[in-house]
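These notes are about the structure you will find just below.
Read-outs throughout are calculated quantities, based only on the coordinates presented, and are distinct from any laboratory measurement. Treat the numbers as computed from the prediction; the structure is a model and nothing was measured. In this analysis, Cβ positions are derived from the backbone assuming ideal geometry, glycine residues included, and neighbour counts consider all displayed protein chains.
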Amino acid sequence: MSTHKPVLQKEILEFLQDTKIEVFVDGTLGMGGHAKGILKAHPEITTYIGLDQDEEMVMTAKKELTEFQDKVRFVHGNFAHIEEHLDEQGISFIDGALLDIGLSSPQIDVGARGFSFSKEGPLDMRMDRENRLTAEEVVNKFPEKKLGEIFRDLGEEPRWRAAAKAIIQAREKKRIKTTLDLVNILKTVVRGKKHLHPATLVFQALRIYVNDELKALQRGVTGAIGRLRDKGLIGVISFHRLEDRIVKQIFKGDKRIKALTKKPVVPTSSEVRDNPRSRSSKLRFARREV
């Protein structure tokens, strides 16, 4: 398992540095990298709610954050239901929240999870394995028109029509079962770009669809804002334009908050060199004002 490096950690801590934090919500706990940095920088924290819909990440974070076990409450759940989870924990208001919408390294690197186009694995892509819908079901059962719409709208794949058609033709011969089965189909019709594998955008689209990520993002950000105390802060890290656009629109349109980032904060060149997976990350912060 590779070492996971939390992206934009320095920048997040800079946004939070002048805020007294007692209760904080981490909507995507992952391996606990951001949590460890925030907890160390803010010893005044009494309650840190660590949410993650991937139960394996929750278990990993528990080991990573043992020194803070008296402060952290680990919750297996989707940040889309952040208000329900806070109610279950008996918490009405929070001083800060962070959502990191990216995948953790183990999710990418472990072929069995089905997120990677470079490692053989089942076409799964579920972040929460209790969910029924898998990427395999989508590519083998959905009609060509629906597949094309998914690739166009959620992946912004320029050759969405060709990708959908190629999948339909391939599955007529045999079921598409693995990540590399799908990669080999896509390579015949999709052109890659610099730093972009030919399968990147289709895999992105399938992952977003299977996990209903954009609706979850909108609901989660809005829910977190609703629980912020006056002057409380919320930060969101996104990894592609669709996500960033949603966050930008919420921060601009919600009269309860003031956006602290006109443009998203992006990683420094040194961070990208040290952690290439941070390359596409974008951070936006906002402060509750009402």
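The figures follow:
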| item | result |
| --- | --- |
| Between 0 and 90°, nearest 10: helix 241-253 axis offset from the chain longest Cα axis | 40 |
| Candidate lysines - alpha carbon under 28 Å from K252, same-chain residues fewer than 8 apart omitted | K10, K20, K215, K231, K262, K263, K282 |
| Ranked list, fewest to most other Cβ atoms within 10 Å of each Cβ, for L29, L196, L201, L214 | L196, L214, L201, L29 |
| Taking R129, R207 and counting other C-beta atoms within 10 Å, the order from fewest to most | R129, R207 |
| Dipole of the chain [Lys/Arg +1, Asp/Glu -1 at C-beta], most positive-end residue of V290, L147, G232 | L147 |
| Partner lysines for K174 [C-alpha distance under 21 Å; skip if fewer than 8 residues away on the same chain] | K119, K141, K145, K146, K165, K187 |
| Helical contribution to [θ] at 222 nm, DSSP H n ≥ 4, -39,500 (n - 2.57), averaged over the chain, rounded to 500 | -12500 deg cm²/dmol |
| Cβ charges +1 (Lys, Arg) and -1 (Asp, Glu), total dipole of the chain, debye | 1460 |
| Two-site FRET efficiency, R73 against R245, from Cβ-Cβ distance with R₀ of 41 Å, rounded to 0.05 | 0.80 |
| Helix 55-64 vs. the chain, principal-axis angle (Cα, 0 to 90°, nearest 10) | 40 |
| Spacing of the two label points (7 Å from each Cα toward its C-beta) at K231 and K173, in nm | 6.5 |
| L196 paired with D128, simple spin-label distance in nm, labels 7 Å along Cα-to-beta-carbon | 3.1 |
| Aspartates and glutamates whose Cα lies under 12 Å from that of K177, excluding same-chain neighbours fewer than 8 positions away | E120, D124, E136, E137 |
| Two-site FRET efficiency, K10 against K258, from Cβ-Cβ distance with R₀ of 35 Å, rounded to 0.05 | 0.95 |
| Crossing angle, helix 160-173 versus the chain [Cα axis fit, 0-90 degrees, rounded to tens] | 60 |
| FRET efficiency estimate (nearest 0.05) - Cβ-Cβ, D18 to E156, R0 35 angstrom | 0.40 |
